[in-house]
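The values are calculated or read from the model by the stated rules, or taken from the named source; none is laboratory data. Here the structure is a predicted model, which is why all the values come from computation and not from measurement. When we count neighbours, we look across all protein chains shown, and the Cβ atoms used for this are built from the backbone with ideal geometry, even at glycine.
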Amino acid sequence: MKDGLENSFKEALNNFELPYDAQAWESLNKKLSAKKWYQATQIKWSAAFIIAIGIATYFILPTSNTHALKETENKPSTKETNSHISVKNDQTINSPSTKQHFVDQTTNSKGIDPVISTGYTPPVVVTELVPHSIPLSLDQMEVLGLTDKGIDESLPTPPYNRSLVEIDFKNRCQGETLQLEENKNYERLINYAGKEFHYTYNEPISLKLSEPGKVVLLANSGPYGQFEEFGSFDINPSPVLSMNTDRTITYEDGLPKITCQAESNESQISWHSTYVLNSTSGKNVEVFAFDKGYAIVEAQVKASNGCIAKEKEMIQIPSDYNLLAVNAFNPQSQDSRNSTFMPYALTIRQTPFRLIVLDPDNGGIVFETTDANNAWDGIDRRDGKLVPGNKAYIWKVVIQRPVQGEKGEYRGTIVRM
């Protein structure tokens with residue numbers, strides 16, 4: 001009886017339903033819709049904050065998580081769950097540092113195959129999280145995304161570019177000068193004649209090649225900045241040449257000349273000068289010293305190896321050539337060389353000429369001749385009398401066949417003493 005009553009109450013309570021009130025539900029729905037916007041926003045920010053804390057805890061306290069998960073794994077599972085977790089063969093594991101342990105699903109403790117057993121629930125998969133440390137087998141620089149270039153920004157020295165320097169590596173001759181422009185990218189070394197010449201950045205090269213031998217050029221073009229050879233050439237010996245000049249002017253044939261000599265181990269010697277030479281080859285040449293100034297004379301020889309030797313000298317010419325004429329004479333002198341007037345060069349030169357003497361007062365011709373043996377004795381041809389003494393008369397000589405470099409007309413003054 002008692003049990004029947006209790007069952008009646010239970011059935012009444014279980015089947016009890018409140019009558020549906022549409023107005024009451026509408027009022028409740030309006031209250032729910034009236035929730036403030038900022039309340040929803042606070043909920044979103046709170047959720048984001050909780051997620052951030054979870055992520056930070058995951059990275060900061062990996063050891064604690066691992067320890068807790070290991071303890072969980074070691075404890076026997078006492079409860080079963082209705083959630084079914086399946087892992088496919090091609091499923092990708094995101095973290096390389098995650099280890100997964102699966103409970104053997106082939107048989108249970110009673111030896112029953114779980115696949116064919118009815119009501120069987122697979123065990124929960126336990127995942128062990130390993131701390132985010134870099135495995136020793138991996139390159140830590142590569143994992144961290146770093147390279148040597150990121151640590152050291154210095155770049156290796158580029159290979160030497162010969163196009164930056166205009167140089168021909170053909171053999172050169174003794175006495176030449178090696179000229180190279182400066183280079184901002186490289187230091188350079190030259191090994192020559194048993195010596196090492198160092199040229200730093202932006203320093204031009206100027207080296208006198210005074211000895212025969214080999215020249216080796218190097219630059220710091222190696223991958224680590226070491227010096228490497230980028231070219232070489234030989235220095236051929238130049239021929240032997242010596243030059244000697246007699247600086248005294250001679251007038252053996254009435255012409256002003258300076259003699260130059262040269263000695264060499266080569267047979268062919270060539271000559272060049274700023275003044276006229278009587279020849280351009282041979283061991284001896286003569287310079288015509290007609291004009292006052294400086295004459296530059298150069299001797300040159302060329303060897304069979306193509307090398308050339310040069311020697312030059314500068315000779316001073318103290319005065320202009322004027323036919324060796326004097327500027328005064330005395331008709332009463334007992335010395336025939338001083339008693340008449342005739343430019344001395346005309347007496348020894350084999351050249352036609354015309355000599356005239358003019359009166360400076362009126363330009364009249366006082367004397368005229370084309371014979372070097374017919375010198376002026378001071379007599380004015382206009383009246384046959386001796387010209388007044390201590391008076392300067394003008395003379396002029398016209399050379400009909402002057403030599404090369406010689407002017408065709410000479411002038412001067414002469415005074416009767």
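Structural remarks
- Among the residues of segment 352-391, those that are farther than 28 Å from Val403 by Cα and touching an Asp or Glu at 6+ places or on another chain (Cβ under 6 Å) comprise Val366, Val387.
- Whichever residue in segment 272-296 is closer than 26 Å to Lys407 by Cβ and of a type in the set (Gly, Ala, Ser) and, among such residues, is surrounded by the fewest Cβ atoms within 10 Å (Cβ to Cβ): Ser279
- Residue match in segment 344-359 (condition: out of contact with any strand residue (DSSP E or B) (no Cβ under 8 Å at 6 or more places or on another chain), within 18 Å of Val326 (Cα to Cα) and hydrophobic (A, V, I, L, M, F, W, C)): yes
- Every listed requirement among (1) surrounded by 12 or more Cβ atoms within 10 Å (Cβ to Cβ); (2) at pLDDT below 95 is met by Gln334 save one, (1).
- Segment 190-235 - residue that is in contact with a Lys or Arg (Cβ under 8 Å, 6 or more places away or on another chain) and among the β-branched types (Val, Ile, Thr) and, of those, farthest from Ile167 (Cα to Cα): Ile235
- The requirement of being surrounded by 15 or more Cβ atoms within 10 Å (Cβ to Cβ), within 28 Å of Glu252 (Cβ to Cβ) and either assigned by TED's automatic domain parsing to the domain that holds Trp395 or basic (Lys, Arg) (or both) is not satisfied by Thr347.
- Contact map, segment 273-297: first residue in the same structural domain as Asp246 (by TED's automatic domain parsing), second residue surrounded by 13 or more Cβ atoms within 10 Å (Cβ to Cβ) and acidic (Asp, Glu), Cβ cut-off under 6 Å, separation 6 or more or different chains; pairs are Asn278/Glu286; Phe290/Glu406; Asp291/Asp320; Lys292/Asp320; Val297/Glu313.
- Of all the numbered requirements in (1) more than 48 Å from the chain's Cα centre (by Cα); (2) surrounded by 20 or more Cβ atoms within 10 Å (Cβ to Cβ); (3) of a type in the set (Val, Ile, Thr), Ile269 misses one, and that requirement is (1).
- Scanning segment 392-414 for residues that are within 12 Å of Leu358 (Cα to Cα), surrounded by 15 or more Cβ atoms within 10 Å (Cβ to Cβ) and among the aliphatic types (A, V, I, L, M) gives Ile394, Val397, Ile414.
- All positions within segment 384-417 that are aromatic (Phe, Trp, Tyr) and either closer than 29 Å to Leu277 by Cβ or outside the structural domain of Arg354 (by TED's automatic domain parsing) (or both): Tyr410
- Sole residue being surrounded by 13 or more Cβ atoms within 10 Å (Cβ to Cβ), touching a residue at least 24 places away in the same chain (Cβ under 8 Å) and assigned to a loop (DSSP other than H, G, I, E, B), chosen from Leu355, Leu324: Leu324
- Cβ pairs under 6 Å, 6+ apart, first in segment 366-387 and surrounded by 13 or more Cβ atoms within 10 Å (Cβ to Cβ), second hydroxyl-bearing (Ser, Thr, Tyr) and not in a loop (DSSP other than H, G, I, E, B): Ala372/Thr347
Conditions (1) part of a loop (DSSP other than H, G, I, E, B); (2) hydroxyl-bearing (Ser, Thr, Tyr); (3) assigned by TED's automatic domain parsing to the domain that holds Ser270; (4) within 22 Å of Lys170 (Cα to Cα), marked per residue:
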{"position": "Tyr186", "(1), (2), (3), (4)": "yes, yes, no, no"}
{"position": "Glu203", "(1), (2), (3), (4)": "yes, no, no, no"}
{"position": "Leu217", "(1), (2), (3), (4)": "no, no, no, yes"}
{"position": "Pro223", "(1), (2), (3), (4)": "yes, no, no, no"}
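- Count of segment 255-266 residues, restricted to those that are assigned to a loop (DSSP other than H, G, I, E, B), surrounded by fewer than 20 Cβ atoms within 10 Å (Cβ to Cβ) and modelled with pLDDT of 95 or more, is 0.
- Remark: pairs (first residue in segment 219-246, free of Cβ contacts under 8 Å to residues at least 40 places away in the same chain and over 23 Å from Ala193 (Cβ atoms); second residue crowded, with 17+ Cβ neighbours inside 10 Å and not small (Gly, Ala, Ser); Cβ separation under 8 Å; 6+ apart in sequence or on different chains) = Gln226/Asn220; Asn244/Cys260; Asp246/Ile258; Asp246/Cys260.
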